[in-house]
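Heads up: the structure comes next, in structure tokens.
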Amino acid sequence: DTAVSQTPKYLVTQMGNDKSIKCEQNLGHDTMYWYKQDSKKFLKIMFSYNNKELIINETVPNRFSPKSPDKAHLNLHINSLELGDSAVYFCASSLGLAAYNEQFFGPGTRLTVL
Amino acid sequence: DQQVKQNSPSLSVQEGRISILNCDYTNSMFDYFLWYKKYPAEGPTFLISISSIKDKNEDGRFTVFLNKSAKHLSLHIVPSQPGDSAVYFCAARVFGNEKLTFGTGTRLTIIP
């Protein structure tokens, strides 16, 4: 039974398109995250939501907009896709806002922008 | 500004021997450190962690050592097994901040 799931697993699209990646967790966690792993393998946080509220918003272009319809879901919408957006995007969740809560990751979505 | 560094991109170790993965950090505000393991086409999975009030934490075959004065931590795996072949990420956070800062990973290959 998958704890953190993402769809789609692969996404190939043209520059300029708008696309969404969905994330769901069935762990009952309060906090969810989006990470980006670029071609240099840096795994960098983009956003974090706690109980549907945005708590971390790193320096990310405003073409990226996270949406959390409820605690179990955190979707990522990307407008006007650019070549540099090609990366693997990971969703994660944790119990809540405490220093010692480990984060559970989804399998990743490989986005390729042509 | 790379605050968490894993300077060895890859490491090969004979099965049954000890694997030692290293991680250095620059931010003295980090006070909680984690190791994640990642297989291809999967997300990272939590392995072991250590708080800055400790210098060692052990869980089965895995031990993490923290040297705060050197801003260095290491993960020891003993004995190494073929299933340990994966990419290992070191991560760190500041207390009270959910943001994890990751290193770039070390690919560990266990040779049978």
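The values are calculated or read from the model by the stated rules, or taken from the named source; none is laboratory data. Nothing here was measured: the structure is a model prediction, and the numbers come from that model. Here Cβ is always computed from backbone atoms with ideal geometry, including for glycine, and neighbour counts include all displayed protein chains. For the accessible areas, the whole protein counts, side chains as well, though only heavy atoms, and no ligand, DNA or RNA atoms are used. Shrake-Rupley method; radii C 1.70, N 1.55, O 1.52, S 1.80 Å.
Of note:
- Entirely in the range B:19-92, the strands (runs of 3 or more DSSP E) that have 1 or more residues that are within 14 Å of chain A (Cβ to nearest Cβ) and open to solvent by 60 Å² or more (accessible area, probe 1.4 Å): B:45-51, B:56-59
- Residues (part of a strand (DSSP E or B), touching a residue at least 60 places away in the same chain (Cβ under 8 Å) and over 15 Å from A:Gly108 (Cα atoms)) located in the range A:59-89: A:Ile78
Yes/no per residue for (1) open to solvent by 10 Å² or more (accessible area, probe 1.4 Å); (2) at pLDDT 90 or above; (3) within 13 Å of the chain's Cα centre (by Cα):
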residue	(1), (2), (3)
A:Tyr35	no, yes, yes
A:Glu58	yes, no, yes
A:Phe64	yes, yes, yes
A:His73	yes, yes, yes
A:Leu83	yes, yes, no
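- A:Met15 being touching a helix residue (DSSP H, G or I) at 6+ places or on another chain (Cβ under 9 Å) and either outside any helix (DSSP H, G or I) or more than 23 Å from B:Phe46 (Cα to Cα) (or both): yes
- Of the listed requirements (1) more than 28 Å from B:Ile50 (Cβ to Cβ); (2) outside any loop (DSSP other than H, G, I, E, B), A:Ile56 misses just one: (1).
- Residue list for the range A:40-53, restricted to those being within 7 Å of chain B (Cβ to nearest Cβ), part of a loop (DSSP other than H, G, I, E, B) and open to solvent by less than 80 Å² (accessible area, probe 1.4 Å): A:Phe42
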